[in-house]
Amino acid sequence: MTQFLSFIGDNIQTFLHFTAFANLTVGHLVMIAIGLIFIYLAIAKEFEPMLLVPIGFGILVGNIAFVPGFKIGVYEAGSVLNYLYFGVIQGLYPPLIFLGIGAMTDFSALISNPKLVLIGAAAQLGIFGAYALSLQLGYSPTEAGAIAIIGGADGPTAIFLSSKLAPDLMGAIAISAYSYMALVPVIQPPIMKLLTTKKERLIRMKPPRAVSKKEKIIFAITGMLLTTFIVPSGIPLLGMLFFGNLLKESGVTKRLADTAKGPLIDIVTILIGLTVGASTQATTFLTWKSVGIFALGAGSFVIATFGGVLFVKFLNLFLKEGNKINPLIGNSGVSAVPDSARVSQVVGLQYDKTNHLLMHAMGPNVAGVIGSAVAAGILLSFLM
């Protein structure tokens, strides 16, 4: 009987040793709290729920403390999460997301007013500003390049570039990029109001002209050729973006376009969100480098917004009355589509309830998507 009780006791002790309670650390609790905050923001505040719910839940999954060796964690070879994470570390998921983005994007506003592409380019100042700051703070050139792309407010691009340049920092970079994308409605309005006058906020822009189907098809093809000839290293993102757009605009591949912008992008979003969240295991994620990445990400996002708004003000110096651009659309140069364009609309309506800026803001917004992918290609070309 005594031997039996001892056997039972040993088994219970062994069982308890393998529970998450026995292996829990303060770091795990911190990350679980962050995951719960993400889920709260997604559900209660509706901040990017399609992204923050999978990421927040992934953070919870990744921070259930366990004893290594059972092929459970995202970093353990042979585990289910590790197989799913393969698409992140090899840069497979971001191009598929860009394919879906291309299939759901209408470039009409940009085609009808080509100078708006300059605003999207100006907003990429945040990327190169963050790159310089990262170097000054002691990050290596490859780490600085991966961190800098956060300024583009483009989660898939951030994941793609960090998977190539700084895989060990990918979790922190991805979480930072998606966090600031979700916080666009909070971060950008104060900056936009600070940098503009009441008169500038009331500027009315000419309605965009109608764009023909032929123009859209030509844009998809020439846009791909032009950008990839300049930055061949951006082919995985830019090629898929314009391919998706061609599927949409050609009018003869509706089923393919619907698949790309529907089931495909939804599945990839689930996988990328869950696995990126799971990669934030406290034992590998909670470092001073991660904290620095969040600070630099915030700085790059602010610089990008400053760059877009101030560039419109500068551009207006050379434009005649009636052709001037409302600087409130300058913020939409960051590629958080369509959230930053909606911010332009919301802030504009606060000052004139009949001045709708959304269609105008979509021009620099989609230009920002192209711009961030081009910037990623540039960084990749001289840092690899």
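Brief remarks on what is shown
- Hey, Ala103 in contact with a helix residue (DSSP H, G or I) (Cβ under 7 Å, 6 or more places away or on another chain), within 21 Å of Ile303 (Cα to Cα) and buried (at least 21 other Cβ atoms within 10 Å of the Cβ) or not: no
- If you check Leu264, Leu274 for being closer than 22 Å to Asp154 by Cα, buried (at least 21 other Cβ atoms within 10 Å of the Cβ) and touching a residue at least 40 places away in the same chain (Cβ under 8 Å), only one passes: Leu274.
- Meeting the requirement of 1 or more residues that are on the phi < 0 side of the Ramachandran plot and surrounded by 14 or more Cβ atoms within 10 Å (Cβ to Cβ), the helices (runs of 4 or more DSSP H) wholly within region 1-82 are 20-23, 26-44, 49-62.
- Where Val334 falls short, out of the listed (1) at pLDDT 90 or above; (2) in contact with a Ser or Thr (Cβ under 7 Å, 6 or more places away or on another chain); (3) under 13 Å from Met192 (Cβ atoms): (1)
- Whichever residue in region 106-141 is among the aromatic types (Phe, Trp, Tyr) and in a loop (DSSP other than H, G, I, E, B) and, among such residues, is farthest from Ile303 (Cα to Cα): Phe107
- Test for Leu349: is it surrounded by fewer than 16 Cβ atoms within 10 Å (Cβ to Cβ), farther than 23 Å from Lys216 by Cα and over 17 Å from the mean Cα position of the chain (by Cα): yes
- Phe98 of a type in the set (A, V, I, L, M, F, W, C), out of contact with any His (no Cβ under 6 Å at 6 or more places or on another chain), over 30 Å from Ala220 (Cα atoms) and crowded, with 19+ Cβ neighbours inside 10 Å: no
- Looking across Ala298, Ala278, one residue alone is farther than 30 Å from Pro68 by Cα and modelled with pLDDT under 95. It is Ala298.
- None of Ala148, Ala144 is assigned to a helix (DSSP H, G or I), modelled with pLDDT under 90 and either closer than 14 Å to Lys289 by Cβ or out of contact with any Cys (no Cβ under 9 Å at 6 or more places or on another chain) (or both) except Ala148.
- Considering residues of region 342-360 that are among the aliphatic types (A, V, I, L, M) and either out of contact with any helix residue (DSSP H, G or I) (no Cβ under 7 Å at 6 or more places or on another chain) or free of Cβ contacts under 8 Å to residues at least 40 places away in the same chain (or both) only, the residue farthest from Asn331 (Cα to Cα): Leu349
- Pair list, Cβ under 8 Å, 6 or more apart: region 92-117 residue over 27 Å from Pro327 (Cβ atoms), other residue among the basic types (Lys, Arg): Gly100/Lys261; Gly102/Lys248; Ala103/Lys248; Ala103/Lys261; Met104/Lys248; Met104/Lys261
- Lys313 vs. criteria closer than 30 Å to Gly348 by Cα, basic (Lys, Arg) and in a helix (DSSP H, G or I): yes
- Index of the failed condition, Val252 passing every other in (1) part of a loop (DSSP other than H, G, I, E, B); (2) in contact (Cβ under 8 Å) with a residue 60 or more places away in the chain: (2)
- Top-ranked residue in region 255-282 [being of a type in the set (Ser, Thr, Tyr) and assigned to a helix (DSSP H, G or I); ranked as farthest from Gly73 (Cα to Cα)]: Thr259
- Of the residues making up region 191-209, those that are out of contact with any helix residue (DSSP H, G or I) (no Cβ under 6 Å at 6 or more places or on another chain) and not hydrophobic (A, V, I, L, M, F, W, C) are Lys193, Thr197, Lys198, Lys199, Arg204, Lys206, Pro207.
The values are calculated or read from the model by the stated rules, or taken from the named source; none is laboratory data. Predicted model, so just to flag it, every value in this text is computed and none were measured. Because the Cβ atoms are built from the backbone with ideal geometry, glycine has one as well, and the counts that use them run over all protein chains shown.
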